[in-house]
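A.B. asks: Shown below is the structure under consideration.
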Amino acid sequence: MTKKYEPKKIGLAMEAAHTRRHPSKLSGIGLQFFAAPADRLAEIEARLAAIPAELEKEGADLDALEQEVRSLKEERKQLTDAAERRAAILREVGSGVSGQVTRTFQVPPKEQRTFGVDTPEYRSAWLKNLQGKPLDAEERAAVTASAAIPTQTMNRIIHRLELTPMIAAVDVTYIPGNVTFPIEGTVNAASWVAMGSAATDSGDTISSITLAAYKLIKTVEITADVMAMGIDAFETWLVERLANKLSVAVDASIFTGTGSSQATGLLKSGEITQTGTFTKAAMTYKDLLTIISTLPTQYLTNASFAMPRALFYKEVLGITDTNGNPVVVADPQAPAKFNILGYPVIVDDNCTADNLLFGDFKEAYKFNFAQAPAVESDKSVAFRSGSTVYRVMALCDGKPADKKAVCLFTRAAA
């Protein structure tokens, strides 16, 4: 019986025989193996890049698009895995052939993303979620698992708070929950003891202040235009609109807080025990010397003035000493900052009219964020207008601490 040979099989047999005689043909076979997967990988990447635009369209089938993304990613994984296996087999086949020609085939690297709170991927997902933009499965899982503000965004908010001079001047902490700070009461100096004699305990006393966790909230309603912002532009807008308002409230509370469901301010009646008055008509050089001499020596190194704008520019700025030299000098490193007789001055209208504070504010005042500022968005409250409401909320409290570290002077009645 005559055996029939199919043309296709004969061609493959001849190709194999030719390859044994010419080892360099192995690389040609490798090219054939990889051509089709490479083309398909390019198609998959192009389709994945086009899907975000479709998600933005009105009436987009989200379920179908989500399923398509999953299918394309799975197919891409299978193709790259197969390509790696083919390359390994080709290397193994050619390793024992003399005079082989080796070619390296580049396999597209697998996409690796991490979603720690300090990573760019998490920051992007968190900000996109606030904007109401669609997230992929990994981004959604990361944002759902951790609602924390990204490290970079939080640093920008904290930096914005610290740009307010009085907030930067006091002692600000970020300790979860209620916190108690020990405060020195009566503290006796060290005493000299003769050789061989025992020291005598001194009657030092320690008091404390406890800071609670009061809500501090600011909301802003904006139109849907914010969805069109890029990630960096949106973050800048978010920090400026919300953190700025937060800093204004914290700054005001340090001076005038009532202590009822909010921080207690330095100017609240009875909080500062070292008090005095300055000349009714206008502050004088002698008044400044009296104020500085009132503060105990141990606090003078880090002491600063704080006063309202009108008091500084209308009265203090023009004062001269007994030799006719101005007592106020601009900081050469920052001309907008001033020193009074060598001590920095904080010009702040929250230090209400006719009040002047002088002291070491780090020792004099404690402010704690029991919960760092958190930002959330909500569309339901502005459903009719199509707007989005953004809210920043912090749990915080502040109180005067070491009351010997600051003195308060007010305008004399007569």
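A.B. asks: Can you give me the accessible area per residue for region 286-414, using a 1.4 Å probe, in Å²? Show your work: numbers first, answer last.
C.D. replies: Working: 6110 Å² over 129 residues.
Per residue, region 286-414 has 47 Å² of solvent-accessible surface.
A.B. asks: OK, next. Output ³J(HN,Hα) for region 367-376: one whole-Hz value per residue in order, computed from phi by the Karplus curve 6.51 cos²θ - 1.76 cosθ + 1.60 with θ = phi - 60°, and x for Gly and Pro.
C.D. replies: Per residue, the Karplus-derived 3J(HN,Hα) values read 10, 10, 8, 5, 9, 4, x, 10, 10, 9 Hz.
A.B. asks: Multiply the residue gap between Ala46 and Met195 by 0.36 nm, knock off their C-alpha separation, and tell me the result in nm, one decimal place. Please report the intermediate quantities before stating the final value.
C.D. replies: Working: separation 149, 0.36 × 149 = 53.64 nm, distance 8.72 nm.
Residue separation times 0.36 nm, minus the Cα-Cα distance, leaves 44.9 nm.
A.B. asks: Set the Förster distance to 51 Å, then compute FRET efficiency between Gln274 and Ala141 from the Cβ-Cβ distance, nearest 0.05. Provide the component values of the computation, followed by the final result.
C.D. replies: Working: r = 57 Å, r/R0 = 1.11.
So the FRET efficiency works out to roughly 0.35.
A.B. asks: Show the residues, 5+ positions off or on another chain, whose built amide H is closer than 5 Å to the amide H of Phe369.
C.D. replies: Thr173, Tyr174, Ile175
A.B. asks: For region 296-347, place one equal point scatterer on every Cα, skip the solvent, and apply the Debye formula. What is log10 of I(q)/I(0) at q = 0.21, 0.26 Å⁻¹?
C.D. replies: -0.81, -1.09
A.B. asks: Further question on the same structure: So who's got an amide H within less than 5 Å of the one on Phe278, skipping anything under 5 residues away but keeping other chains? H placed 1.01 Å off N, in plane.
C.D. replies: So Phe278 has HN proximity to Thr410, Arg411, Ala412.
A.B. asks: To the nearest Å, what is the center-to-center distance of region 224-281 and region 146-181, using C-alpha atoms only?
C.D. replies: If you average the Cα positions of each part, the centres end up 13 Å apart.
A.B. asks: Same structure again: Which entries of Lys128/Lys337; Lys128/Lys366; Lys133/Lys218; Lys215/Lys337; Lys128/Lys362; Lys245/Lys280 show an alpha-carbon separation above 31 angstrom in the structure shown?
C.D. replies: Checking Cα-Cα distances, Lys128/Lys337; Lys128/Lys366; Lys215/Lys337; Lys128/Lys362; Lys245/Lys280 exceed 31 Å.
A.B. asks: So if I take the centroid of the Cα atoms in region 308-339 and the same for region 390-414, what is the distance between those two points in Å?
C.D. replies: Spelled out, the Cα-based centre of one part sits 24 Å from the other.
A.B. asks: If you consider only alpha-carbon coordinates, what radius of gyration and Dmax does region 266-386 have, in Å?
C.D. replies: 19.5, 69
A.B. asks: Next up: What distance in nm lies between label points placed 7 Å from Cα along the C-beta direction at Lys215 and Thr352?
C.D. replies: 2.6
The values are calculated or read from the model by the stated rules, or taken from the named source; none is laboratory data. The model shown is predicted, which means the values in this text are computed figures rather than measured ones. As a convention, Cβ positions derive from the backbone with ideal geometry for all residues, glycine included, and neighbour counts pool all protein chains shown. Ligands, DNA and RNA are excluded from the accessible area calculation, which covers all protein heavy atoms including side chains. Shrake-Rupley method; radii C 1.70, N 1.55, O 1.52, S 1.80 Å.
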